[in-house]
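As structure tokens, the structure follows; a few thoughts come after it.
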Amino acid sequence: MKEAKRYTITAALPYANGPLHLGHIAGCYLPADIYVRYLKGKGEDVAFICGSDEHGAAITLRAKKENTTPQHIVDTNHEIIKNAFHDFGIQFDIYHRTSSKLHHETASQFFKDLNDKGSFIQETSEQFYDQEHEQFLADRYVTGTCPKCSSEGAYGDQCEKCGSSLNATDLINPKSTLSGKTPVLKETSHWYLPMNKHEEWLKEWIETGKLNGVQQHDPNEWRKQVIGQCKSWIDNGLQPRSITRDLDWGVQVPVEGGEGKVLYVWFDAPIGYISATKQWAADNNKNWEDYWKNDKTELIHFIGKDNIVFHGIIFPIILKEQGDYILPTNVPANEFLNLEGDKISTSRNWAVWLHEYLEDFSGRQDELRYVLTSIAPETKDSEFTWKDYQARVNNELVAILGNFINRSVVLTHKYYNGIVPEPGQLNEVDQTALTIIETTKSKIDKSLSEFKFRDAQVQAMDIARLGNKYLADLEPWKLIKTDEERVKTIMNIALQISNALSFVFDPFLPKTCNKLRSILNNNSLELKAGHQINAAELLFQKIEDEAIDAQIEKLKATTVKQSNPKAKPMKDEITFDDFTKIDIRTATILTAEKHPDADKLLKLTVDTGIDVRTVVSGIAEHYNPEDIIGKQVSILMNLAPRKIRGIESKGMILMAENNEGELSFVSPEKAMANGGEIR
RNA sequence: GGCGAGGUAGCUCAGUUGGUUAGAGCGCCGGAUUCAUAACCCGGAGGUCAGGAGUUCAAAUCUCCUUCUCGCUACCA
């Protein structure tokens, strides 16, 4: 392993299209911040890099909807996010943005360099094109019926209702969001990163940590899920991946034929780490290349699990292909944080937003930091509940840590007017306490270096537990009546423990530690006898039931009025005219068989009253073919025909779905003539 | 369907290369105490380590099967 001279620590660039929630913080930014504070506490040379990811079709689309400019959207969100980070105590060395001139220049040059080297391939494909607006439509600009969950209003890259990622050409009944018209397919040319060419070295690098035979990192230090997912991708064979898009908001493709095209997020966003580093270096009289091109530098990416492939495969390819850059020595990805028994969902507003927490619990950022670290999803998905938050704050921060500090400081004022007493001869108990502090400190150090933040924090709290036990065992408040000299030693040790706490908790609870150091009136690892400390002040306040109930209430407010809380929100209003375009009829299933090349599909022939046609339907997991022959169902007649796994399907059988994803036919309650309209 | 990660006490989670009686914190019950924010301290109850089979002197740990959760991926209503 290399000996690190400096560290480049990145945290995933938040998308400037909305605020941050607790899942983002627990999964990425908080562990990154703790790690950085830990390194800086050791005097290491660290660049902590983050910034807003401000490009992409979602932002232009939203700008259009809100009748404003993309720049305005990203300016607003950039400020909100940046401020929330700052208020929460996430201390980036720079929080940059990808809409900056420097980033555009950097990303552009990067692309040019790789293009000159022949690192890309160019391919022509068919994309949707809006004839009225005379432009290609990014995936995000096409909406239609989701082919997976059949909800309308799905975007060309993703359906927000069911969360599946899509290709625009998969959408049923696609519509341009610019003109509202049906787009046409037209040829366009794009640049691709041929990831397939990089399989060999990637595999070795992921599995052994070696690059060109040189050990770069120890794979045993990488989290299982990171290596697992990367290997899974590599073993399944990598495909060329498009790195440009037809769009006008982003970094222009800087080579011939690039007009009207921008770099896609895969390429654009991670280079944002580099351009941010450049800006930081310029502002601080540093050389940015030391942080990206020097093999004595450790590059570490903090991300959530949705970003693993991106940082474990795609970005390393780009970096290696460029030639001078180092590869990450670790990608400590976290799993997901659930909330009150359910997945966090922005569209359902099932989330605790950071900026709202900071308003509702003003001055209590360390309480949240502590709880989120306690339940950090380091090895598996974990869960945040408000009751648990309250319990951890009250039973651990208040009762163990805050209480120990308070009783030590109060006793010091009571017995010695706030002056640290001179210790006498230390006996075994005192020595043991001091020794345990030292060994615990090194354990914490080790855990942090291995990205085990939850573990490290527990050990830090153990020092406070030790302090409480030390006082309880030795009972200075009794001894003061019989052995004043001994009490001086005891109180000195108690204050030494307090002082140690102000340092071991620093990466986790920075604000509290500042307060503690100011109470102790000391900013040194050593706390000398004769030193005057300040008046006692409570480090934490209890969280009352009312505050917690209010949060739970707030969270559930959006769903409480619905008989089915999981039901999707109503779609946008349509006119009767819109409705009459849809032709739904009663039809009877004549034949049904399993689709030969698919698990979930049945191939049906149905009598629609006006014809007999083939329909492919994804119901194989819910109905046996032989059971549904003769069944009367509802069919969407005038849906554009589409080949589904090799068989042309004309129309769509309508199904009702429950929360568990079970499907049921929508059938007339008594036999009706085939071809009868449903309206 | 393929692949990956998981399933350990009521809750949140640890369990190194298989090795005595499976751990911690919180919660619960009991005790002790009063310097301290009814806090702290001590003790106790509570687990068929998802289920089954196998390898072994020995399995939470290794192998296989089943099952459930999450993610990626693939044909999808």
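Quick note: the coordinates plus some simple rules give every number you see, no bench work behind them. Keep in mind the model is a prediction, meaning the values are calculated, not measured. Please note: Cβ atoms are built from the backbone with ideal geometry, for glycine as well, and neighbour counts cover all protein chains shown.
Things to note:
- Centre separation in Å (Cα based) which lies between segment A:332-360 and segment A:394-443: 37
- You can think of it this way: the chain between A:LEU327 and A:GLU546 has 73.9 nm of extra reach, that is 0.36 nm per residue less the Cα-Cα gap.
- Within-12-Å neighbourhood charge of A:TRP353 [Cβ basis; K, R +1; D, E -1]: -2
- Over chain A, volume per residue of the alpha carbon convex hull, in Å³: 191
- Our summary of shape: the Cα atoms of segment A:582-678 have principal axis extents of 33, 28, 25 Å, ordered from largest down, in whole angstrom.
- Packing order of peptides A:78-87, A:330-339, A:434-443, highest average first: A:330-339, A:78-87, A:434-443 (average count of other Cβ atoms within 10 Å over each peptide's residues).
- Residue order, fewest to most beta carbons within 10 Å, for A:CYS28, A:CYS513: A:CYS513, A:CYS28
- Three principal axis lengths of segment A:16-118 [C-alpha, angstrom, descending]: 46, 41, 20
- Shown here: segment A:210-266, whose C-alpha atoms stretch 45, 24, 19 Å along the first, second and third principal axes, sorted largest to smallest.
- Distant-in-sequence amide H partners of A:VAL253 (H built 1.01 Å from N, under 5 Å): A:LYS261, A:VAL262, A:LEU263
- Each Cα pair under 8 Å and six or more residues apart adds its separation to the average, and for chain A the resulting relative contact order is 12 percent.
- For the pair A:ILE610 and A:THR182, the difference between a 0.36 nm per residue extended length and the Cα-Cα distance amounts to 151.4 nm.
- Extending 7 Å from Cα along the Cβ direction at A:LYS469 and again at A:LYS387 yields two label points whose distance is 3.0 nm.
- Relative frequency of Cα-Cα separations exceeding 16 Å in segment A:379-459, percent: 72
- Distance histogram for segment A:400-520 (every C-alpha pair counted, 10 angstrom bins, percent rounded to whole numbers): 13, 45, 31, 9, 1
- Cα convex hull of segment A:331-416, projected area averaged across orientations, nm²: 7.9
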